[in-house]
1. Considering only DSSP states other than H, G, I, E and B, which trypsin sites (Lys or Arg not before Pro) in the stretch 107-173 qualify as loop sites with at most 14 other Cβ atoms within 10 Å?
2. Kindly provide the helix-only [θ] at 222 nm of the chain, computed as the sum of -39,500 (n - 2.57) over DSSP H runs of four or more divided by all residues, to the nearest 500 deg cm²/dmol?
3. Using a cut-off of 16 Å between alpha-carbon atoms, which aspartates and glutamates can reach Lys192, once sequence neighbours fewer than 8 places away in the same chain are excluded?
4. Could you pull out the pairs from Lys85/Lys171; Lys22/Lys183; Lys32/Lys85; Lys96/Lys171 whose alpha carbons sit more than 29 Å apart here?
5. Once the principal axes of the Cα atoms of the chain are found, what is the range along each, listed largest first in whole angstroms?
6. With equal scatterers on the alpha carbons only and no solvent term, can you work out the Debye log10 of I(q)/I(0) for the stretch 30-135 at 0.19 1/Å?
7. Fewest to most neighbouring Cβ within 10 Å: what's the order for Ile63, Ile118, Ile180?
8. What FRET efficiency do you get for Asn28 and Asn195 if R0 is 41 Å and r is their Cβ-Cβ distance, rounded to the nearest 0.05?
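A short reminder: the numbers here are calculations on the coordinates, not readings from a lab. Not measured: the values here are computed from a predicted model. Glycine also receives a Cβ, built like all others from the backbone with ideal geometry; neighbour counts cover every protein chain displayed.
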Amino acid sequence: MDLDVSRETKERLEIFASLVEKWNPSINLVSKNSLSDLRERHMADSVQVFRAVEPNFGHWADIGSGGGFPGLVVAILRAEDGNGKKVTLVESDQRKAVFLRTVLRETAVSADVRAERIENTNFLAADVLSARALSDLPTLLRFTVAHLHQNGVAVFPKGLTWQKELAAAQKAWNFDHEVIKSKTDPSGVLLKIRNIRSV
């Protein structure tokens, strides 16, 4: 997996991958079938989410962080640039929240882990908001409106049904969007969404 990152960042990503492999049998961080493809499927996918956003953004919030994709990868990549800007990971499953904190400790990377449901989370004021495999797009936009800064951007990886989800979301919301072809999933895209307003 050539991600064009520093040696230190590669080492941190390896520590993260090893911890996923160690913890996965207990708390199902990723599907058993995708564990063997962890670096290409999950990590590389998370890197492209990170790189879909313009550099020098502010607070990044990842909701429904689960096993840390893309949230932990974002935090690790941000540690490389040393800008110290905030990353928040929201995960309601207490065991997965413990896992997220363990990876942060073992990699010496900083991020705020909130072990709570996104519906109960105080306004995050995020400049960037991401979610991977959390919910359908109409529901994600409801969460986004509640937590994204007025001038912020949301980035959502979506698979084969992305066009159907986009059409459903457009019935409930007005928004600007950009479709970026996924580099890791031939049928997938990244949806970049701004300026969300209710219909």
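1. Numbers: sites: Arg114, Arg117, Arg132, Arg142, Lys158, Lys164, Lys171; in loops: Arg117, Arg132.
Listed in order of number, the matching sites are Arg117.
2. Values: 6 runs with 76 residues, N = 199.
When only DSSP H runs of four or more count, the value is -12000 deg cm²/dmol.
3. Output for Lys192: Asp45, Glu54, Asp62, Asp127, Asp136, Glu165, Asp176, Glu178.
4. Over 29 Å Cα-Cα: Lys85/Lys171; Lys32/Lys85; Lys96/Lys171.
5. Sorted from largest, the Cα extents of the chain read 45, 34, 32 Å.
6. Taking Cα atoms of the stretch 30-135 as identical point scatterers yields -0.95.
7. Details: Ile63 28, Ile118 21, Ile180 16.
If I rank by nearby Cβ atoms, fewest first, I get Ile180, Ile118, Ile63.
8. Values: r = 36 Å, r/R0 = 0.89.
After rounding to 0.05, the efficiency reads 0.65.
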